[in-house]
Amino acid sequence: MPVYLKDIEEFPELERFKSVLIIPCRFCPAASMAVRTKRPYFESLRRFLKTASYEELIKTIKSNLEKKGVKTDVFNSRWLHQFVVCMWTIRRRKKLLKRAKEYDALVVLGCEAAVDTVHDAVKSASCKVFQGMRSEGIMSIQPRLHMPGNT
């Protein structure tokens, strides 16, 4: 059962930093955005393993920070087993640590478990970790498949 998360688009506390790395979990937050916007979680033929509404949120957060002069980037995951932050392997956590050392702050788009995972992975880095979403409950989702041209 995925955790239902509410996004935070504005981060005034991050404006004091020069650089921020956005770390998105691709499971619960993406499912939450799909449910909230009543849009598909995955559109396999259009966006392979991407949730449009979640990608828009990430882009908005990135854009809002950049408008305030903060250098930002997204720590992307390319493989399915890397999508759920709270279940990252040691190797994935080491990659994050290496990348996090280049940034002043990290914003985790995920639940408290994802934040804990990131915090543990970057203990030896000097960056601050912020939670970019808040848990509001647990969702029960019923997946549906719509074939192209079939409504």
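Residue-by-condition table, conditions (1) at pLDDT 85 or above; (2) not hydroxyl-bearing (Ser, Thr, Tyr):
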residue	(1), (2)
1	no, yes
14	yes, yes
22	yes, yes
26	yes, yes
32	yes, no
39	no, yes
47	no, yes
50	no, yes
54	yes, no
Exercise for review: For segment 74-89, indicate whether the set of residues that are closer than 20 Å to residue 3 by Cα, modelled with pLDDT of 95 or more and surrounded by 12 or more Cβ atoms within 10 Å (Cβ to Cβ) is non-empty.
Suggested key: no
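So in segment 90-126, with the set limited to residues that are of a type in the set (Gly, Ala, Ser) and surrounded by 19 or more Cβ atoms within 10 Å (Cβ to Cβ), which one is nearest to residue 18 (Cα to Cα)? First the steps, then the outcome.
So in segment 90-126, the residues of a type in the set (Gly, Ala, Ser) come out as 100, 105, 110, 113-114, 121, 124-126.
From what is left, the residues that are surrounded by 19 or more Cβ atoms within 10 Å (Cβ to Cβ) are 100, 105, 110, 114, 121.
On the way: 100: 13, 105: 9, 110: 23, 114: 24, 121: 21 Å.
Step by step, filter segment 90-126, then rank; the result is 105.
What number of residues within segment 111-151 satisfy the criterion of being part of a strand (DSSP E or B), within 24 Å of residue 98 (Cβ to Cβ) and either at pLDDT below 90 or among the polar types (S, T, N, Q) (or both)? Don't jump to the end; show me each part of the working.
The initial filter retains those residues of segment 111-151 that are part of a strand (DSSP E or B), namely 128-131, 133-138.
Those left that are additionally within 24 Å of residue 98 (Cβ to Cβ): 128-131.
Retained after the next criterion (residues that are either at pLDDT below 90 or among the polar types (S, T, N, Q) (or both)): 131.
So the answer is 1.
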Check your understanding: How many residues are part of a strand (DSSP E or B) and out of contact with any Phe, Trp or Tyr (no Cβ under 8 Å at 6 or more places or on another chain) when one looks only at segment 74-108?
Key -> 1
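The values are calculated or read from the model by the stated rules, or taken from the named source; none is laboratory data. All figures in this text were calculated on a predicted structure; none of them were measured in a lab. Ideal geometry is used to build each Cβ from the backbone, glycine not excepted, and the neighbour counts take in all protein chains shown.
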